[in-house]
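Structure, as C-alpha cells:
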Amino acid sequence: MIRFILKRLLYMVISFLVVSLVTFFLMKAAPGSFLELNLQVGGVAAAASSMQITPQLMEAFIKQYHLDAPWYVQYWSYVYDFVTLHLGYSMEYPDTPTLQLIGRTFPISIGLAVVSVAVAVFASIALGILAARRENSWADSSTMFVATLGTAVPAYVVAVLLALVFGVWLRVLPVIGFQGPKYYVLPVLSLAIPIIGSLSRYMRNSLISALHSEYVVTVFAKGGGIREVIRRHALKNSLVPLVTVVGPHIAGLMMGTVLIEGLFGLPGLGQVFAQAASRRDYPLIMDSTLLYSVVIMLMNLLVDLIYGVLDPRIRKTGYAEGR
Amino acid sequence: MSSPKDLSVIASNRSPLLRMWNRLRGNRMALVGGGMVLLVVLLAVFAGWISPYDYQQSDFLATYQGPTWKHLFGTDSLGRDMLTRILWGLRSACIVGFGAEFVELTIGVLVGAVAGYKGGWVDNVLMRLVDSVYAFPSLLFSIVLVVVLGHSLWVILIAVSATSWVGMARIVRGQVLSIRQSGYVEAARSMGASTMTIIRRYILPNSMGPIVVAVSFGIPGNMMTEAGLSLIGLGVQPPTPDLGELISEGQQAIFSYPHLLIGPALVFAVTLVGFTFLGDGLRDAFDTKSKR
C-alpha cells in the first residue's frame, strides 16, 4: 500500500511539472505577454503603461516573476512561489493579494462542488435502488429514461432551464446573487443533475447484477426479504465500484463551477478565473490553473486510495478501472 | 421487439458492422437518436439554404419579438431572426464537434495503438504523458489556449481536442493490449507482417466497437466544451452565431425576453440527447457480453 501511494505521489509530481511547464510556455507565447516585456526600452514606466497597470504593480511583477531573468529562473520562481504560497498580486485586483483572493473565493467553489457530489451520490443511490427493485417495470424504464436525459445535457444548460422554471416562471428561488443558503439551491441542482443521470444508471445496473448473483439467491433461500437483501448485501457490493465512477466526475465538476458560478453570479474562484481569462489577467490565470490541477490530482488520488482500501486488487495496477 | 438472440445467430458469420447494424435496428431509442443526429447534421450542412433570413441581417423595427409565423423563434436585440441564428449555431457546433473528434481520433488511435502494441518503455512514456494530460484541468486548459492563441476556428478545434484525446488513447491501448495476444495476430507476425500492417489490418478493425462508441459520446462532449467556451465569451468570433453565445445572451434577458433563452437551450439540449441515445444504442449493440 505504501509503495502504491509513493508511486502515485511521484506520478503526481511529474504531472504537476508537465502542467506548470505547459502553462508557463503558453503564457510566454501569448501575444503581448508580461513575461516577455522589454524592460530596457523606456524602463518600468513604459512596460507598466503597455500593460495598463500602475508602475508600482509593475515593480512588484518584476520582482515576483523575475522578468529581467532568463526563462528557467522565471519558471522556477513561478513553481517555487506557487508551492510556497507566495502568489503576489494580479492585474485585475492590484489591491488584494492573490492568496487572499483565492482564500476568499475558493471555499465557495469547493463547497459548491462537494455539496453537489454529495447530493448526486445520495440521489443516485436512491434512484438506483428504486429502479433496480422493479427491474424492467414502468418505474424502472421511466426513471432510467429521465436519467439518460440528465447525462446528455451539460450543467450550464440545466442551469439556464432551472433558472427559467424556478426563478422566472414560478418565482420560488433566486437566480442571481449570493446572500444565503437559498442561493445555493439552483447551482447545486444544475451541477448535480448531469452526475445523477450517469451515477444512477450505473447504480441500477450494478445493483441488478448483484441481485442476480448467487449469494443473493442464497439470502432469499434462507428467508431474507428484498429490503434485507439490498440493505445488507447487494448495496455494499455495488457501492465499491461507485467510488471509481464518482472520481472522474469531480474533475468535471470543478470545471463546471467555472461556468455555473458565472451564470448565477456566485463570487467563487470559477467566476474569478473566467473573468481573468476574458480580461487576460495572466498572473491570475497562471496561479488558478495550477491550483485547479493540484485539486483535481489530489481528488483523483483520494478516489484511488479509497478504492485501493476497499478493493485490494487495484493496488497492483495502481489505477482504478473505469477511468 | 424480436428476440435479439435469434438475430445474432443469423448474423454471426457476417461482418462486425453488419452484425452491429442488426442489433442497432432492434433498439428503438438508438434509432430515434440516430434520426435526431441525422436531422441535426442535415440542418447544419444546409443551414445556408434552409434558414429563412441572413444571420447578420438586423431589423431595428422588429427587435425582441416573440415567436410569430414570420419569426418562429422570435427576434433578438438587433431584430435578427432567432431561428436563423440557431441553425447557424448548430452549424458551428457540428463543425467543432465533428472536427475536434477527428483530431482526437487521429492522435488517440495513434498514441494508444503504438503504446499498446510496443509495450515496454514506449508504453510507459506514452502512458505517463497521457496521465499528465489527464491531470490537466480540461476546460481551464481550453480557456488558456483560446486566450493565448485567439478566437479562430482552428484554435477552438485544438483547444477542444487538446485534452480529450487521452480518453481515446486509453481505450485503444486497452483494446490493442488484449487483441495483441490473440492467435491470429501471432499468425500474421509469424508470416512476416510489419507492425503497421498488423495494427492497421488486424488490430484496429477488431477494436472498432469501443472506438465507435467513444466517438459517438465524444462529439456531443466537444459540442458542450465549445458552447461552454463561448458562454464565457471565448468561442467562435461574432457575428458567427454560436449556441453557447445565444444561450448566454438569452440568459441575460431571462426576465424580460425568455424566448431568447428557450429556443437555443432547447435546441442544444435536444441535439445532445439525440447523440446520447445513439451512443447508448451503439454501446448496447457492440457489447457482446450483455445480451439483453
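What to note about this one:
- Among the candidates A:201, A:171, residue that is within 14 Å of chain B (Cβ to nearest Cβ), among the charged types (D, E, K, R) and either part of a loop (DSSP other than H, G, I, E, B) or without any contact (Cβ under 8 Å) to a residue 40 or more places away in the chain (or both): A:171
- Screening residue A:151 against (1) in contact (Cβ under 8 Å) with a residue 24 or more places away in the chain; (2) of a type in the set (S, T, N, Q); (3) not in a helix (DSSP H, G or I) leaves a single unmet condition, (3).
- Residues considered: B:93, B:113, B:100. Of these, the only one that is of a type in the set (Gly, Ala, Ser) and within 13 Å of another protein chain (Cβ to nearest Cβ) is B:93.
- Applying the criterion of being in a helix (DSSP H, G or I) and without any contact (Cβ under 8 Å) to a residue 24 or more places away in the chain to the residues of segment B:174-187, the residue that is farthest from residue A:274 (Cα to Cα) is B:187.
- Some residue of segment B:117-134 being facing chain A (nearest Cβ under 8 Å), within 23 Å of the chain's Cα centre (by Cα) and in a loop (DSSP other than H, G, I, E, B): no
- Residues of segment B:124-173 satisfying the condition of being over 15 Å from residue B:113 (Cβ atoms), among the β-branched types (Val, Ile, Thr) and touching a residue at least 40 places away in the same chain (Cβ under 8 Å): B:143, B:146, B:147, B:156, B:158, B:160
- Within segment A:175-193, restricting attention to residues that are small (Gly, Ala, Ser) and at pLDDT 80 or above, the residue that is farthest from residue A:249 (Cα to Cα) is A:190.
Every residue, every condition in (1) surrounded by 18 or more Cβ atoms within 10 Å (Cβ to Cβ); (2) assigned to a helix (DSSP H, G or I); (3) at pLDDT below 80; (4) of a type in the set (D, E, K, R), yes or no:
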{"residue": "A:215", "(1), (2), (3), (4)": "no, yes, no, no"}
{"residue": "A:276", "(1), (2), (3), (4)": "yes, yes, no, no"}
{"residue": "A:285", "(1), (2), (3), (4)": "yes, yes, no, no"}
{"residue": "A:315", "(1), (2), (3), (4)": "no, yes, yes, yes"}
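- In segment B:49-87, the residues that are assigned to a helix (DSSP H, G or I) and within 20 Å of residue B:244 (Cα to Cα): B:82, B:83, B:84, B:85, B:86, B:87
- Some residue of segment B:244-255 being in a loop (DSSP other than H, G, I, E, B) and either facing chain A (nearest Cβ under 9 Å) or among the charged types (D, E, K, R) (or both): yes
- Among residues of segment B:207-220 that are touching a residue at least 60 places away in the same chain (Cβ under 8 Å), those with a Cβ under 8 angstrom from a residue that is among the basic types (Lys, Arg), sequence gap 6+ or separate chain, pair up as B:213/B:283.
- Members of segment A:127-142 that are without any contact (Cβ under 8 Å) to a residue 60 or more places away in the chain and part of a helix (DSSP H, G or I): A:130, A:138, A:139, A:141, A:142
- Number of the exception - residue A:138 against (1) loosely packed, with under 15 Cβ neighbours inside 10 Å; (2) in contact with a Pro (Cβ under 9 Å, 6 or more places away or on another chain): (2)
- Scanning segment A:81-122 for residues that are touching a Lys or Arg at 6+ places or on another chain (Cβ under 9 Å) and either farther than 21 Å from residue A:178 by Cβ or surrounded by 20 or more Cβ atoms within 10 Å (Cβ to Cβ) (or both) returns A:88, A:91.
- Candidate set: segment A:170-223, residues that are among the polar types (S, T, N, Q) and over 21 Å from the mean Cα position of the chain (by Cα); chosen: the one nearest to residue A:154 (Cα to Cα): A:205
- Single residue of segment B:162-205 satisfying the filter (closer than 30 Å to residue B:149 by Cβ and among the basic types (Lys, Arg)) that is surrounded by the fewest Cβ atoms within 10 Å (Cβ to Cβ): B:170
- Test: residue A:198 is among the polar types (S, T, N, Q) and within 30 Å of residue B:144 (Cα to Cα): yes
- Of everything in segment A:253-300 that is within 29 Å of residue A:67 (Cβ to Cβ) and aromatic (Phe, Trp, Tyr), the residue that is nearest to the other protein chains (Cβ to nearest Cβ) is A:292.
- Among all positions in segment B:114-129, there is at least one residue which is of a type outside the set (A, V, I, L, M), closer than 27 Å to residue A:287 by Cα and surrounded by fewer than 24 Cβ atoms within 10 Å (Cβ to Cβ).
- Some residue of segment A:226-240 being within 14 Å of chain B (Cβ to nearest Cβ) and either over 17 Å from the mean Cα position of the chain (by Cα) or part of a helix (DSSP H, G or I) (or both): no
- Residues of segment A:143-169 classified as among the β-branched types (Val, Ile, Thr) and under 23 Å from the mean Cα position of the chain (by Cα), total: 6
- Matching residues, segment A:165-192, being β-branched (Val, Ile, Thr) and closer than 24 Å to residue A:121 by Cβ: A:185, A:188
- Test for residue B:211: is it away from chain A (no Cβ under 11 Å), under 18 Å from the mean Cα position of the chain (by Cα) and part of a helix (DSSP H, G or I): yes
- Residues that are without any contact (Cβ under 8 Å) to a residue 60 or more places away in the chain, among the basic types (Lys, Arg) and under 16 Å from residue A:296 (Cα atoms), drawn from segment A:1-15: none
- Qualifying residue in segment B:276-287 (condition: of a type in the set (A, V, I, L, M, F, W, C) and touching a Pro at 6+ places or on another chain (Cβ under 9 Å)): yes
- Residue, nearest to residue A:54 (Cα to Cα), within segment A:89-103, restricted to residues that are touching a residue at least 60 places away in the same chain (Cβ under 8 Å) and of a type outside the set (Gly, Ala, Ser): A:91
- Of the residues making up segment B:231-243, those that are in contact (Cβ under 8 Å) with a residue 60 or more places away in the chain and not charged (D, E, K, R) are B:232, B:234, B:235, B:236, B:237, B:239, B:240, B:241, B:243.
The values are calculated or read from the model by the stated rules, or taken from the named source; none is laboratory data. Bear in mind that the values here come from a model prediction, so they are computed numbers and not experimental data. Virtual Cβ from ideal backbone geometry, glycine too; neighbours counted across all protein chains shown.
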